[in-house]
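Structure first, then comments.
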Amino acid sequence: MLQSIPKDDNYLHKGLRKQLVQLLRDKGITDERVLAAIDAVPRHFFLDPAFERQAYENRAFPITANQTISHPYTVAFQTQLLDIKKYDKVLEIGTGSAYQACVLGELGITLYTIERQRALYDYVGQFFFLKKYPNIKRFYGDGFEGLPSFAPFDKIIITCGAPFIPPKLVVQLKPGGIMIIPVGEDEKQKMIRITKNKDGTLKQEDLGDFSFVPMLQGKNN
Ligand code: SAH
C-alpha cells in the first residue's frame, strides 16, 4: 500500500500517463490545466504495488480501510467542474489516498482536506509524495461539519456519496462559489454542481450518474 520510501517514476509510468491523458481527452475532459495535473501526478504511488501496472487504466482501486481511489475520469471530471482559479481556497471531503488532493495541489490553490477514517488519515501522513505539496492541509474529522474556522471556501469538492447536501457545507461556500457533490444513498449518485449566487441563492445542476463509497456521519477511530 502507500509507502514512506519513494517509488520509482520511470519512462514506462510517464508513457502510460500520457495515454491516460489522451483517454481523458477522448472522454471529454478539455481543461488543459486539469490534464497537465493528471500528467504530473504519479498515480501508481497511491496504489498497492500489486496494481502498479493497472494504475493508469480508468479504474477505481481499493485502498486502506475498505475505501477506494476514484476513477481517473471521475477525478478529472470533478476537478474540471470546480473551474479552479489560481489562489482559490478549496475544501475537499474524503482525502482517501490523497490522489485527488495532489491533482488539486498541482493547480496553485490552497486545499483543506478532511478524512473521517483515522487509519487512512495516519497512513497518508507518512506518504513521502505529499511533501511536494505544502499547499495541502489535512484534517481528521467529519466532513458533514466542514471546517468553519477556515471558511468561507471558493470551491468545495465531495469525493464520497452524500445522502443529502450537507447544510453546513453550503454555509461555508462563498457567494460566487461552486460545490461539486455526488448525491444519492444507493450504489449510484447524481453528480450535482451547486453554484452559490452573489445574493446567496443556489443553482443546482445534475451532471450525470457516478458511483462512490458512502459519505458517513461522524469520525471512525
Ligand atoms: N479523494 C479520494 C477518494 C477516496 S474515497 C482519493 O482520491 O483517493 C472517499 C473517502 O471519503 C474515503 O476515504 C472515506 O473514508 C471518506 N469519507 C466518507 N465519509 C466522510 C466524512 N463524513 N468526512 C470525511 N471523509 C469521509
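The values are calculated or read from the model by the stated rules, or taken from the named source; none is laboratory data. In this text, all values refer to a predicted model and were calculated from it rather than measured experimentally. All Cβ positions, even for glycine, are placed from backbone atoms using ideal geometry, and neighbour counts span all protein chains on display. These accessible areas exclude ligands, DNA and RNA; they are computed on the full protein's heavy atoms, side chains included. Shrake-Rupley method; radii C 1.70, N 1.55, O 1.52, S 1.80 Å.
Suppose we filter region 167-183 for residues that are free of Cβ contacts under 8 Å to residues at least 24 places away in the same chain and either open to solvent by less than 40 Å² (accessible area, probe 1.4 Å) or at positive phi (or both); how many remain?
Result for region 167-183: 3.
Could you give me the residue pairs with C-beta distances under 7 Å whose first residue belongs to region 130-157 and is polar (S, T, N, Q), whose second residue is more than 12 Å from the ligand (Cβ to nearest atom) and open to solvent by less than 50 Å² (accessible area, probe 1.4 Å) wherever it lies, and which are 6+ apart or on separate chains?
Correct list of pairs: ASN135/ILE109; ASN135/THR110.
Please go through region 138-159 and give me each residue that is in contact with a strand residue (DSSP E or B) (Cβ under 6 Å, 6 or more places away or on another chain), farther than 11 Å from ILE114 by Cα and assigned to a loop (DSSP other than H, G, I, E, B), ordered by number.
Hit for region 138-159 is PRO152, nothing else.
Could you please give the count of residues in region 60-69 that are part of a helix (DSSP H, G or I) and open to solvent by less than 10 Å² (accessible area, probe 1.4 Å)?
Qualifying residue count for the region: 0.
Out of all the residues in region 47-77, which are in contact with a Ser or Thr (Cβ under 7 Å, 6 or more places away or on another chain), closer than 22 Å to GLN19 by Cα and touching a residue at least 60 places away in the same chain (Cβ under 8 Å)?
Within region 47-77, just SER70 meets the criteria.
In region 70-95, what residues are of a type in the set (Gly, Ala, Ser) and open to solvent by less than 10 Å² (accessible area, probe 1.4 Å)?
ALA76
Any residue in region 117-134 that is assigned to a loop (DSSP other than H, G, I, E, B) and within 18 Å of MET215 (Cβ to Cβ)?
no
Which of the residues that make up region 194-221 are assigned to a loop (DSSP other than H, G, I, E, B) and either among the hydroxyl-bearing types (Ser, Thr, Tyr) or away from the ligand (no atom under 16 Å from the Cβ) (or both)?
ASN197, LYS198, ASP199, GLY200, THR201, SER211
Among THR95, THR113, THR74, which is the only one that is part of a loop (DSSP other than H, G, I, E, B) and among the β-branched types (Val, Ile, Thr)?
Answer to the check: THR95.
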